[in-house]
1. Rounded if a/c is under 1.5, else prolate if a/b beats b/c, else oblate: with a ≥ b ≥ c from the C-alpha gyration tensor eigenvalues square-rooted, which is region 118-197?
2. Where in region 292-323 is the amide nitrogen less than 15 Å from a point lying 7 Å along the Cα-to-Cβ axis of residue 21?
3. Test of understanding: extend the Cα→C-beta vector of residue 242 to 7 Å, then name every residue of region 299-323 with backbone N under 12 Å from that spot.
4. Which whole-angstrom value gives the distance between the alpha carbon centres of region 130-182 and region 187-254?
5. Go ahead and set up a Gaussian network model of the chain, Cα springs under 10 Å, then flag whichever of 249, 12, 261 fluctuates most.
6. Treating only the Cβ atoms of Lys and Arg (+1) and Asp and Glu (-1) as charged, compute the dipole magnitude of the chain about its Cα centre; round to the nearest 20 debye.
7. Can you tally the net charge around residue 293? Count Lys and Arg as +1, Asp and Glu as -1, for every other residue whose Cβ sits under 15 Å from the Cβ of residue 293.
8. At a Förster distance of 51 Å, what's the computed FRET efficiency of residue 265 paired with residue 120, Cβ-Cβ distance as r, to 0.05?
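What follows draws every value from the coordinates through simple rules; no lab data is involved. In this text the structure is predicted, and so the values were computed from the model without any measurement. A quick note on method: Cβ atoms are made from the backbone with ideal geometry, for glycine too, and the neighbour counts reach across all protein chains shown.
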Amino acid sequence: MLHLNGLGKRFGEQWILRDLNMQVDEGECVALLGTSGCGKSTALRLIAGLDRQDEGSIELDGEPLDSIPAERRRIAMVFQSYALFPHLSVRENLNLGLKIRGVSPAQRQQRIETVLDTVRLREMADRRPQQLSGGQRQRVALARALLRDPRVYLLDEPMSNLDAQLRDDLRPELRQLILQGTQPVLYVTHDQQEAMALANRIAVLKDGRIEQIGTPEELYKTPASQFVASFIGRPQINLLPVDKQLTIGIRPEDVGFDPEGMPCRLISREWQGASQLLLLDSPRGALRMLCAGDLSLSEPLHVSWLTSAEHRFDAGSGHRLAE
Ligand SMILES: Nc1ncnc2c1ncn2[C@@H]1O[C@H](COP(=O)(O)OP(=O)(O)OP(=O)(O)O)[C@@H](O)[C@H]1O
Ligand SMILES: [Mg+2]
């Protein structure tokens, strides 16, 4: 398993990562989730050995990695950009790494054919990267990572360059690939939906520190802060200020119609098929509400929610308050 102990990295005076502690077990996929520039790629580069940390240590199966150079760490990284050689065909791109590592030609051929089937690119194997769609290129990059037979997979937004449709198509395939292996997988993304769908656990990064780490369900049900509450779950949670000390979080799906509830005015309505997202003007401020798509609405609308569905946060620090 992969162990990060108090990892820290700075560029000049600026700390980009601070006190990163995390463990990724065998066969586990942990998503590193955070906004652009929060240090996700930097963390992966440290683990891959492409950069050197200023604090802390990295261990793989109990063995410190810090003195091992990048090429000997047996870590496969799929980069945000695909980093394919444009003048080589898919097959040649895949062949190169194996050749460099001294794998015999017969073995190379066999492993490449197998992996081409896995990522379903056999028909495209003689094309060059520019003759492939974004999703197909992404799969070549994944195939190359699979061929490395690594001890750890580091995937840096491997679907960031795909449109929504392709991402939806590729997600189950990727999940399959991840579940098949016994290696730890660290999966970087800024997309909460992707993290929820693929990871056993999610670490939410904020300003270079882990804000919370837990299963998707834990993060959704008991977010440790307003930041995590807003990041996890769509449509976004409502944050309603109560007073100077207290902010209440209530998820749009927890708001319901109730003749005894608050009277609200309908500001806008987004039809999503099975559901509709309503934006309401309530006595407590703007309120997002999710309800069934086929419901016909007549104003005034009256809504309420169960106290047990409320998330309570300290208005100053944003931290979750004890139940
Ligand atoms: N070599 C460098 N020198 C100085 N600053 C850097 C360097 N590399 C990265 N940074 C800064 O470190 C911060 C974290 O960068 P990083 O690439 O890890 O972010 P990220 O979370 O991967 O973002 P994104 O989602 O946009 O890929 C950014 O503010 C970036 O500008
Ligand atoms: Mg990045």
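1. oblate
2. none
3. Correct set: 307-315, 321-323.
4. 25
5. Looking only at 249, 12, 261, the largest GNM fluctuation is found for 12.
6. Details: 39 positive and 43 negative charges, 259 e Å.
Using Cβ point charges on Lys, Arg, Asp and Glu, the chain gives about 1240 debye.
7. Working: positive: 269; negative: 253, 270, 294.
Taking every other residue near residue 293 into account, the sum is -2.
8. Computed FRET efficiency for residue 265 and residue 120: 0.50.
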